[in-house]
Each structure stands twice: as structure tokens, then as C-alpha cells.
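To keep things clear, I will list the structure first and then write my remarks on it.
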Amino acid sequence: MSSISIGSAIKNLVFQGYRIFSQKLLTVCNVDITGKDLPIQFQKPIYGDENGKFTSYVVPGVVIGFLPFISCVSCALSYIIEKKDGMLDRTKVAGVTAFDIMLSHAIPQLVIIVGQTIVTFIIMYIFDIPLDIGNPFLALILTIVASITGMTMGFTAAEIFDEEKNAMLFAIATIFPSFLLSGLLWPIEGLPMFFKVFSYFLPGTMAAESLRSILFRGWSLSYFTVYIGFISQFAFIIFFISLTYVLHQIRK
């Protein structure tokens, strides 16, 4: 029962189902049901704590959801502001390529991403979110890669829109489906089949489960659930960079 939500639900259903069954059986057999304890005993869990909090399940999803969102908004706004002021046109006339312009935005954004990720993990430690079960360095790298995915999505938004408010609305419109369908707040196993399949095409689904497995199950890169989270983020980074390049060539 490495998932707190699913484990608690299964435990409650098993206890309630057996209690109802045993009470009905003893009643039919004219046996006094007082003092009859349940014979089923749940032992110490393999991963995590038996009395784990729901915050342990939510935190990885919130981190994977909000940090890329912040990176997306920050990158998109800075790019659009320069585009509206005419700075991008002047630099292009001076011979600066589109790659150089994106690189000049990406480097300071990477510094901000690393800083905000470290601060996030410090806050998690202050609020007693367990970081000693798994490899915190691996979790830190995954979070940074997920934030880079948000940054590349910000470049795409900046190429599509010419106003800051439109880019903001685009970023907000992407975060709500992630929270509702990516398993960030509750397991995707409870979704209908169509939305369950669709959720795997969202950036946060595999990354959140990978981060959850690293922090609270102690898994390494040798596990499929962990390394598929990294692969999915690199795939989305390549996708958004390619889409940004195509849009830039179209609008040039």
C-alpha cells in the first residue's frame, strides 16, 4: 500500500465488508456478536509510514504542478514584454539569431528555477515532509527538469500570443486540467477510462508519480515508474522546443 489514498480506501472497504459479513453470519447462527474482533491484521507497510498523512501524497503533485506553472508564466511574460517593446526586432536586425535570444532568456530562468526548487525543498523540510526515505538529490533533479518543461512551454506561449494577459490565461488553462486529470491530487485509477488514457498525455502525470516514488517509496532510477518520469519530461521539452521553432518560422 504505497499509495496512501488507495491503501486507505482498500483498508476501509475490507474492514467494513468483513464486519458486515461476520455480523450477519453470527446473527444467522444465533451467536452473540459482542466482543468478536476482526481476525485480519495489517502489518507494517513496506514503503512509507502506516500512519502517513494525506499531505505526503499531495505534496509531489503540488510541486510538479506549481513550479512548472511559475516557470511558464515567468518565461512567457519576459519574452512577450521584450517583443512588445521592440527589443526583439532590434536584436534580430543586429544579427542575433532566434536561438541566441531564447538562450539569453533560458539562462537566467534556469538560475531562478534552481533557486525556487531549492527553496521549495527547504520549506518541505521545515514542514516535516519526509525527505529521508528516498534520494532527495534525485527528486531535486526531477523537479528542476519538470520546471524546465514549464519554461519551454512558456516559450511556446510567447510565440503564440502577443499580450501578457493571453499568455497568463493560457498558463492558467493548462494547470487546471493537470490538477484534475494528472493524478496530482488524487489517483488516476479513479478516473474513467478515456480520461485515464488522456491523463498520460499531460506533462505532470508521470513526473508526479515518479517524484512520489522517489520521496516516499525510496525508489531509484532502476524502477520504471521513476525513469519514465524523466523520459516524459525530456520528451515534452523536445516537443515544446520544436513547436516553438515551427511557430517562430511561421511568424517570421
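For the range 126-140, check the following and say yes or no: at least one residue is without any contact (Cβ under 8 Å) to a residue 12 or more places away in the chain, surrounded by fewer than 21 Cβ atoms within 10 Å (Cβ to Cβ) and not in a loop (DSSP other than H, G, I, E, B). For the range 126-140, residues without any contact (Cβ under 8 Å) to a residue 12 or more places away in the chain, surrounded by fewer than 21 Cβ atoms within 10 Å (Cβ to Cβ) and not in a loop (DSSP other than H, G, I, E, B): present.
Of all residues assigned to the range 201-214, none qualifies as being more than 29 Å from residue 157 (Cβ to Cβ) and modelled with pLDDT under 80. Filtered by the rule that a residue be exposed (fewer than 13 other Cβ atoms within 10 Å of the Cβ) and either within 22 Å of residue 7 (Cα to Cα) or of a type in the set (D, E, K, R) (or both), the range 165-196 gives 165, 189, 190, 192, 193. Residue count for the range 172-198 under the criterion of being small (Gly, Ala, Ser) and out of contact with any helix residue (DSSP H, G or I) (no Cβ under 7 Å at 6 or more places or on another chain): the result is 2. Looking across the range 214-244, the residues that are in contact (Cβ under 8 Å) with a residue 12 or more places away in the chain and over 17 Å from residue 203 (Cα atoms) come down to 214, 215, 216, 217, 218, 219, 220, 221. For the range 23-34, does any single residue satisfy the condition of being surrounded by 14 or more Cβ atoms within 10 Å (Cβ to Cβ) and either modelled with pLDDT of 80 or more or out of contact with any Cys (no Cβ under 7 Å at 6 or more places or on another chain) (or both)? Looking for residues that are surrounded by 14 or more Cβ atoms within 10 Å (Cβ to Cβ) and either modelled with pLDDT of 80 or more or out of contact with any Cys (no Cβ under 7 Å at 6 or more places or on another chain) (or both), one finds at least one in the range 23-34, hence yes.
The values are calculated or read from the model by the stated rules, or taken from the named source; none is laboratory data. Quick caveat, the model's predicted, so the values are computed rather than measured. Glycine gets a Cβ as well: all are built from the backbone with ideal geometry, and neighbour counts include every protein chain shown.
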